[in-house]
Structure formats: C-alpha cells, structure tokens
Amino acid sequence: MTSSIAPPPVQAGAEIFERILTAPSGLVVLDSKDVPALVEQVRALARHSGQAVYLWQPESGLGSLRDAHIRVPDCGRLGNALRYMQQSMHFGVYFLLGLELPLSAVDAGLLRQLARAPKGHVRRVVLLDAPPALSAHLGDLAVRLDSEDSQPRRLRLRDGRWLA
C-alpha cells in the first residue's frame, strides 16, 4: 500500500516574494493589477514567516507589515526612509507605494545606491505601482517583475470545456 502525502499548500504571495528575494538587483519594480490584495498577501506571509517586511506610503511613513502597529520613527518622508533602508545592516524587504514624480535628486540618487547594494546581506527595495517615467529613468538598475504567477497554468477539461 502506498500513501501519498500532499505537499502543504503554497501560501499566496510566496512565489512572488521568492522572486523578489532572488532578484539580481537591490531594486525591484513590481507591476500588479491589484496592489491592495498583493500587500495583504505579503502581510500574511510576513506574519507567518516572521520576516522583516516594511511598507512605506506618503501618508503613513514606513511601518512593519508583520506588526501593523510598529512604525519606524522619523521615516515619514521618502528621503529619510531611503536613508534608513541604506543604513540598515539587517535583512529587510521594503515596499514603496505611492511614489510621486518628480523625485528629488537626492531621493533618486539614494534609489540608485540601493539598487547597487552590497551582496553581503539581502535587502530589497520594491517599487509598487511605480510611475512609468520612474521605471524608465532607473533603466537597468532595477529588475522588473510582474506579480502574476510565473507558473504556467495547467488546463483542465471540465464538462467538455478547457479551463485554466
């Protein structure tokens, strides 16, 4: 008798999070059709895994996705948040949502420096829903990813129709 043990279900957002961590650049531009749903998936993943994942927004500053009540002090402005990310020597994934153009020369320079972060520790800065002009300005410094599942969809035959 053989028993087959099914692998545990993959948590939503885990595949995109893994692609962010393995990106060759410290700066990732992530395209998503449903940004709020993606943020909630990453929040659930951070709570489950205990990883240091942060979200910066203009109205609320930099805060932990794992612990919603934890805010990083003095990181309300983008420049301060980018300096905090640059100086941190710990693992961290920082999602930036709501960036508006034009960026100051200092902020653009900090983003370029974060893209060339040293290979010694993992730190990723992820631009969510970034303006196309900013993506074009960053060029090859940033890795462009899509939040859609990269796994090919397996078609199934159901009631005489092929379904994805």
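Read-outs throughout are calculated quantities, based only on the coordinates presented, and are distinct from any laboratory measurement. Computed from a predicted model, the values in this text were never measured in an experiment. Note that each Cβ is placed from the backbone with ideal geometry, even for glycine, and that neighbours are counted across all protein chains shown.
Can you tell me the FRET efficiency between ALA105 and GLU40 if r is taken as the Cβ-Cβ distance and R0 is 45 Å, rounded to the nearest 0.05?
0.85
Once the piece of chain linking LEU157 and HIS48 is laid out straight, how much longer is it, given 0.36 nm per residue of separation minus the C-alpha distance between them?
35.8 nm
Are there trypsin sites (Lys or Arg not before Pro) in the range 85-137 that DSSP marks as loop and that have at most 14 other Cβ atoms within 10 Å, and which are they?
Answer by residue number: ARG116, LYS119.
Summing Lys, Arg as +1 and Asp, Glu as -1, what charge do residues with Cβ under 10 Å from the Cβ of LEU99 carry, LEU99 excluded?
So the environment of LEU99 carries a net charge of -3.
Please work out how much length the chain gains when fully extended from ASP129 to ALA68, using 0.36 nm per residue of separation minus the C-alpha to C-alpha distance, in nm with one decimal.
19.8 nm
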